[in-house]
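To start, the structure under review is shown below, and the notes come after it.
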Amino acid sequence: MNNIEILEQKRKNIRLKLIGILALCAIVDFIVTLGLWIFDLTAAIVGGLLAGLSLYFYLKFRYFSGFEESLKELIRDEVLKNLGLKTLTKSLQVDDINSHFNNMVKNIGEFGLFKFDEFEVRDICVRDKSEILFYGILIRGKGIKLEIKKDLLNLPTSYFNDDEMISIYIATQSDTVVANLKTPLKQSFEIAKDNIQSIIKEIKQLKAA
């Protein structure tokens, strides 16, 4: 049994437990609704619903959030292992890209993807104080001469060259690796693998040009 199969079994077990928690919350919903019924019908319905949902999300977060949050990293690591790619060892800093956004960057949400030849590839979400400035893929590499002649992945693409450090932004508006308790992990693995292979294909075409 490989790592994906082991993780999938864990995911299924958690899903079964969540169904049990959902049943428990339905019982709580019924009891609270019944208790408030004698006072007010609307309050009974709303109160029962809020009680059930609050208990469900509390228990889900309390016991299973850690596993769900780690799924993306586990899926990414399996894809990189399968494709023979290296993981990133350094985090992106605000100063690395601040000038690309008129020095308005206050926060960077980062999910490191992989390293391919001279390139480092990340999913990032760049914010100022109140808005998202960029959400998508960042490809960076030093000492590379490239000319962007098209929208990579058929998406809006921006290009910056700072002291031979090339930065390529692809506005995907989504994550390259998506994994959660709802989707079978084999499916998440294949989607992530296809996405990463598409990025590598674009990089190879840029280098060839």
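When the range 149-201 is filtered for residues that are of a type in the set (Asp, Glu) and either at negative phi or touching a Cys at 6+ places or on another chain (Cβ under 6 Å) (or both), the ones remaining, listed by number, are Asp151, Asp162, Asp175, Glu190, Asp194. Regarding the range 179-198, can at least one residue be identified that is open to solvent by less than 10 Å² (accessible area, probe 1.4 Å), in contact (Cβ under 8 Å) with a residue 40 or more places away in the chain, within 18 Å of Lys72 (Cβ to Cβ) and not hydrophobic (A, V, I, L, M, F, W, C)? Yes - at least one qualifying residue is present in the range 179-198. Residue pairs whose Cβ atoms lie under 6 Å apart, sitting 6 or more positions apart in sequence or on different chains, and linking a residue in the range 13-36 that is of a type in the set (Gly, Ala, Ser) to a partner that is surrounded by 14 or more Cβ atoms within 10 Å (Cβ to Cβ), do not occur here.
Does the range 149-168 include one or more residues that are under 19 Å from Ser91 (Cα atoms) and within 14 Å of the chain's Cα centre (by Cα)? Within the range 149-168, not a single residue is under 19 Å from Ser91 (Cα atoms) and within 14 Å of the chain's Cα centre (by Cα). Please count how many residues of the range 50-62 are hydroxyl-bearing (Ser, Thr, Tyr) and open to solvent by less than 70 Å² (accessible area, probe 1.4 Å). Within the range 50-62, residues that are hydroxyl-bearing (Ser, Thr, Tyr) and open to solvent by less than 70 Å² (accessible area, probe 1.4 Å) number 1.
Going through the range 80-116 one residue at a time, which ones are more than 28 Å from Ile14 (Cα to Cα) and among the charged types (D, E, K, R)? Give the derivation first.
Of the range 80-116, the ones more than 28 Å from Ile14 (Cα to Cα) are 83-108, 114-116.
The answer is Lys86, Lys90, Asp95, Asp96, Lys106, Lys115.
Given the condition open to solvent by less than 50 Å² (accessible area, probe 1.4 Å), within 27 Å of Phe111 (Cβ to Cβ) and either modelled with pLDDT of 75 or more or not basic (Lys, Arg) (or both), answer yes or no: does some residue in the range 35-49 qualify? Before the answer, list the steps.
At the first step, the residues of the range 35-49 found to be open to solvent by less than 50 Å² (accessible area, probe 1.4 Å) are 35, 43-44, 47-48.
Narrowing further to those that are within 27 Å of Phe111 (Cβ to Cβ): none.
So far as the range 35-49 goes, no, none of its residues is open to solvent by less than 50 Å² (accessible area, probe 1.4 Å), within 27 Å of Phe111 (Cβ to Cβ) and either modelled with pLDDT of 75 or more or not basic (Lys, Arg) (or both).
Could you check how many residues of the range 63-79 are over 16 Å from Asn13 (Cα atoms) and either touching a helix residue (DSSP H, G or I) at 6+ places or on another chain (Cβ under 8 Å) or open to solvent by 50 Å² or more (accessible area, probe 1.4 Å) (or both)? Number of matching residues: 8.
Of the residues making up the range 183-201, those that are part of a helix (DSSP H, G or I) and either under 25 Å from Lys12 (Cβ atoms) or in contact with a Ser or Thr (Cβ under 8 Å, 6 or more places away or on another chain) (or both) number 13. Filtering the range 86-108 to residues that are within 19 Å of the chain's Cα centre (by Cα) and open to solvent by less than 50 Å² (accessible area, probe 1.4 Å) leaves Leu88, Leu92, Ile108. Restrict the check to the range 159-166 and report whether at least one residue is surrounded by 18 or more Cβ atoms within 10 Å (Cβ to Cβ), within 26 Å of Phe67 (Cβ to Cβ) and without any contact (Cβ under 8 Å) to a residue 60 or more places away in the chain. No, the conditions are met nowhere in the range 159-166.
The values are calculated or read from the model by the stated rules, or taken from the named source; none is laboratory data. These figures come from a predicted structure and were not determined experimentally. Every residue, glycine as well, gets a Cβ built from its backbone with ideal geometry; the counts of neighbours run over all protein chains shown. Note: areas computed on protein heavy atoms with side chains; ligands, DNA, RNA excluded. Shrake-Rupley method; radii C 1.70, N 1.55, O 1.52, S 1.80 Å.
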